[in-house]
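In what follows, a structure is listed as structure tokens, so that the remarks can point back to it.
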Amino acid sequence: MVGIIFGLLGGLALFIFSLKSMSDGLQKIAGRKTHAVMGILTSMPLVGVLVGALITIVIQSSTFVTVMVVGFVNTKMLNLKQAISVIIGANVGTTLTAQLVAFRVTDLWVFLAVVGFAAYFLFKRKVIKDTGFVVFSLGMLLLGMTLMSQAMVPLRHDPAFQNLMLTFGDNRILAVLVGAVFTALIQSSTAATGVILAMTLQDLIPFHAALPLVLGTNIGTTVTAVFASIGGSLSARRAAIAHVLFNVFGVALFLVFLTQFERLILAISPAYDVSRQVANAHTMFSVITAALFLPFIGQFAKLLTKIIPGEDILAENGAIHLDWRMVGNPVVAISHAQQELLRMAQFAGENIKLAVEGFLEKDEKKLAAMKEQERVVDGLEKEIVRYLAKVSQSGMGDDMAVRHAGLLHAANDIERVSDHADNIADLAQNAIDNNVNFSDEAVEEIKSMYTLVAEVYGLAIQSVRDDDSTLIPKVKELEAKIDNKEEALRTSHIQRLREGSCSADGGVIFSDIISNFERIGDHSNNISHVPQGKL
């Protein structure tokens, strides 16, 4: 019995570790594309379901997807309706691993291990090494399944174990609870299902006893998302509860019609192949519940707002998109950092506008508002840098590493843009305090240069928001225009000084303002290169 227990636990440990390694490796390969796929979500529930299933199939972890969804909802990147649809899709996508095991591909572990090992150690290209790591991890996962299955062979003739399996067949509710608790303990429905399939491969458990255990895994897997939502926003908690209610309701419904469901699975599955029957049941449960819930996602979202009432209260001046619980998950964390960076960029852009308007209109209230908002930008830059520094402690693929470094640089450049706006505000306040006047020509020149600066900064931020490197040439072109315009304005300014149409004090302020404009153009050019990874 000791040998059986350690053999089972050893196989399970290898299975879970390999599953985590494979998921991490796939995340490195998928990188930013995972968030890009998430970004195509619309209000159509079917799109969300398909996206959820696709990402789960690619990453091979429904737990990762549901935790990612909770994080996105917590930072307002997804609404509740979208989150529900993605979670439903994740339930469908996670059944792929069970299907692979059920088709008896476990003997391929040697081939996959050799190929993966060779790719990882013999090639220098990062994408090939990461792919090799994933293939090797898949081989180890199948080896873990094989070890679990082999460890259970002696149980074929154990009367106590046989009686326990009969109990599960007779008491379906107990079996569901056992499956749920076991899954909650090991934090992986795929691993829990793997243990059940390992038993079926050795003919240790009949289909009618394995079925409720598999149904129970769908309840146990919701615990991780619930833990992830603790301390989060109301919307994040609603998304986690949505996962719980969806799976609990689905399992309860299937228990009522379990006999009919068994007949359906037996009709579409190979006879006497319990592992295929269990895998098909796992898939059909997720597909049928998804189809039943799909038309009612809107009503389900409204129900959740009644179960968990209230509204989220977010700090206006602090970071609202950074979720520190996600720093160990680079794909999610970097998406959050980018959202906060764009929010910071909006404040910085408003600061330029307030400073210029305060100067042109001699409006001290706008200058004061700019000063207050400048402190917000400084605070956000520090929070984003701290957040990204913490994220850097987790492993990430090349694509994510470039994005990570780019966002760090962009945060610094955006903060410097706001600093130059602050300089302009100081110059404007100086002009007001000393009653310095400017010629109409000087005012029009400042207006025209501000128009260029606002355009180039807006395009730079758009390039980050849309991950669009095609905007870089346009930004570069505008930045060159700003440089040329600065030289031309200095020449015309010197001419006005000679003619006496501009005072010496006004001339100094004018020169400093256009110099700050030119520096904003330089920083905008730096920001625009983030999508291309040129740092």
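The values are calculated or read from the model by the stated rules, or taken from the named source; none is laboratory data. As the structure is a prediction and not an experimental result, all values here were calculated from the model. Cβ sites come from the backbone with ideal geometry, for glycine too, and all protein chains shown count toward neighbours. Remember, those area values only see protein heavy atoms, side chains included, never the ligands or the DNA or RNA. Shrake-Rupley method; radii C 1.70, N 1.55, O 1.52, S 1.80 Å.
Over 28 Å between C-alpha atoms is what I'm after, so list which of 382/474; 447/476; 366/476; 365/390; 20/124 land there. In this structure, 382/474; 366/476; 365/390 lie more than 28 Å apart at Cα. For the chain, the 222 nm mean residue ellipticity estimated from helices alone, with every DSSP H stretch of n ≥ 4 adding -39500 (n - 2.57) and the total spread over all residues, rounds to -27000 deg cm²/dmol.
A simple rule links phi to the HN-Hα coupling: the Karplus curve 6.51 cos²θ - 1.76 cosθ + 1.60 with θ = phi - 60°, which for segment 448-455 gives 5, 6, 4, 4, 5, 4, 4, 5 Hz, with x for Gly and Pro.
Most tightly packed first, judged by the mean number of other beta-carbon atoms within 10 Å of their residues, the peptides 365-378, 236-249, 477-490, 451-464 read 236-249, 451-464, 365-378, 477-490.
Averaged over its residues, segment 463-505 has an accessible area of 60 Å² per residue, based on protein heavy atoms and a 1.4 Å probe. For the pair residue 386 and residue 227 in one chain, pulling the backbone fully straight at 0.36 nm per residue adds 54.8 nm over the alpha carbon distance.
Ignoring ligands, DNA and RNA, what percent of the accessible area of the chain is carbon or sulfur (1.4 Å)?
Here it works out to 62 percent.
Solvent exposure of residue 529, expressed as accessible area, is near 40 Å², computed with a probe of 1.4 Å over the protein chains only.
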